[in-house]
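Heads up, the thing below is written out as structure tokens.
None of the figures in this text is laboratory data; all of them are computed from the coordinates on show. Note that the coordinates shown come from a computational prediction; the quantities given were computed from them, not determined experimentally. Cβ placement follows ideal geometry from the backbone for every residue including glycine, while neighbour counts extend to all protein chains displayed.
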Amino acid sequence: MREHVDASNERLRAWHEADLEHTSAQLVRHGIDAGEVIDVVARFSVAAPSWALGTGGTRFGRFPGGGEPRTTEEKIDDIAALNALTGANRSVSLHIPWDDPSDPTALRAFAAERQIAFDCMNSNTFQDQPGADVSYKFGSLAHTDPGMRKAAIEHNRYVIEVGRALGSRGLVVWLADGTNHPGQASLRGQYERVLEGLQDIYASMPQDWTLYTEHKPYEPAFYSSVVADWGTSLMLAHAIGERAACIVDLGHHLPNTNVEQVVSRLLMAGRLGGFHFNDSVYGDDDLTTGSVTPYRLFLIFCELLEPGTLPDVAYMIDQSHNLKDPIEDLIGATDNIQMALAQALCVDRDALQDAQERNDPAGAEAVLQRAFRTDVRPLVAEARRRNGAAIDPLDTFRASGYRAAKIAERGEDATATGL
């Protein structure tokens, strides 16, 4: 991929430098240092999930595109190619048992050779596994049967041990536990059992690990979910311990929820653990990040930068697609995330604060709109170029012939693990 990136960048260099000079001059008028924006964007990295490297699907069908990674190693190869293009996907997040390495130490060495680290681990107690003696049909950590709860706890402990060998430092627990019928279970009892189970898992973690709770209002439980909202997630984090925090999945909110306010509250509470980036129209659609609501993504980054610096939390893309090439989708999501960050860095904070203190809503909105409408593409492209990545990653990927080469290597009917 390196030669394709270099060739593409050389072809685009003159145009890119002219665009960058123009954007930088525009920002000077409002006291924004383009170099500082570029530096922050260049340092930013968002993990790619192992499950996003294959074609997703719905309950109505799945349409693989060919050349999908058949092993975890092949997924890491794809992420290494992605990172070579974006310079901003320097880690992978594994989902056990979808990607359960037989030799974690060897896999860690394999990834390190490709300059890919391991982000948070993800456990799975929302699916029954082939040959398993337990079923999560009526819940996992919330189950009334102590044996079922023990099995769910043991699974999470196993994921922690795999993660330790890989060099990960965090565990994300998303639970499908809940009910589909009123009266099916005690709402209080389910919560108490989940808390007890998470406390047990937390006690099994290394001291430098973080336990992340992830909320979702519905699906697959449609009457009640145990961890339905950010308030419940925050309650759990406080009760579990200092090294417990909350994951915000952008699709895991009821319609019209003010997600940026949720981010602000969790940040103020010191319990914002990180993000699963995606976008949605109707629910948990897992669409390309920033493809539907780019202004909301911008406002979220504005809140993240409110304290003055971008918090060091777990950033990950969480998407699944039935139509796009998976790598192209991750390229688009990463680019949109980088642009939202750059736009937020272009906000004139002094002017915004002045308008807020004068109770000037029109003036405050004008400050935000000016930053949001700034063409930050040259700044993001320069951040990529400084990281040795592509000025135009999508065009470079297509010109490289990577997908065609992988179809020839892996076959037309290859299916990614976990899908």
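For the chain, the share of DSSP beta bridges that are antiparallel, to the nearest 5, is 15%.
Projected label points at Arg13 and Val281, each 7 Å from Cα along the beta carbon direction, are separated by 4.3 nanometres.
Tell me, Leu352, Leu330, Leu287 in order of fewest to most beta-carbon neighbours within 10 Å? Could you put the intermediate results ahead of the total?
Working: Leu352 18, Leu330 29, Leu287 22.
The fewest-first ordering by Cβ neighbours comes to Leu352, Leu287, Leu330.
With a simple spin-label model that places each label point 7 Å from the Cα along the Cα-to-Cβ direction, the separation between Asp208 and Glu154 comes to 3.0 nm. Restricted to Cα atoms, segment 249-387 shows a radius of gyration and a Dmax of 15.4, 49 angstrom. Across segment 310-325, rounded Karplus estimates of 3J(HN,Hα) from the backbone phi angles (6.51 cos²θ - 1.76 cosθ + 1.60, θ = phi - 60°) give 6, x, 8, 10, 8, 9, 8, 8, 10, 9, 8, 10, 9, 10, 7, 4 Hz, Gly and Pro being marked x. For segment 258-264, 3J(HN,Hα) computed residue by residue from phi via the Karplus equation (6.51, -1.76, 1.60; θ = phi - 60°) reads 7, 5, 5, 6, 4, 4, 4 Hz, glycine and proline entered as x. How about segment 1-69: which trypsin sites (Lys or Arg not before Pro) there are in a DSSP loop, with at most 10 other Cβ atoms within 10 Å of their Cβ? Passing both the DSSP loop test and the Cβ count: Arg29, Arg59.
Only helices enter the 222 nm calculation for the chain: every DSSP H run of n ≥ 4 contributes -39,500 (n - 2.57), and dividing by all residues gives -15000 deg cm²/dmol, rounded to 500. What fraction of the Cα pairs in segment 1-83, stated in percent, has a spacing above 22 angstrom? Here the tail beyond 22 Å accounts for 55 percent of pairs. Where a ≥ b ≥ c are the square roots of the eigenvalues of the C-alpha gyration tensor, would you call segment 212-311 rounded, which needs a/c under 1.5, or, failing that, prolate if a/b is larger than b/c, or oblate? It comes out oblate by the Cα gyration axes. Counting only Cα atoms, segment 40-109 measures 42, 29, 19 Å along its principal axes, largest extent leading. Residue order for Val41, Val292, fewest other beta carbons within 10 angstrom first, comes to Val292, Val41. Couplings 3J(HN,Hα) for segment 43-50, derived from phi with the Karplus relation 6.51 cos²θ - 1.76 cosθ + 1.60 (θ = phi - 60°), are 7, 6, 9, 10, 5, 9, x, 4 Hz, where x marks Gly and Pro.
Report, as a whole number in µm² per second, the diffusion coefficient that Stokes-Einstein gives for segment 2-410 at 25 °C and 0.890 mPa s using the Kirkwood radius over alpha carbon pairs.
Values: Rh = 22.4 Å.
In µm²/s, the coefficient is 110.
Among Pro294, Pro97, Pro206, the largest mean-square fluctuation in a Gaussian network model of the chain, built with springs joining Cα atoms closer than 10 Å, belongs to Pro206. Exposure proxy shown here: for Phe372, Phe118, the number of other Cβ atoms within 10 Å sets the order, fewest to most, as Phe372, Phe118. In straight-distance terms, cross-link reach from Lys75 covers every one of the lysines whose alpha-carbon lies under 28 Å from its own, apart from those fewer than eight places away in the same chain; here that gives Lys216, Lys324, Lys406.
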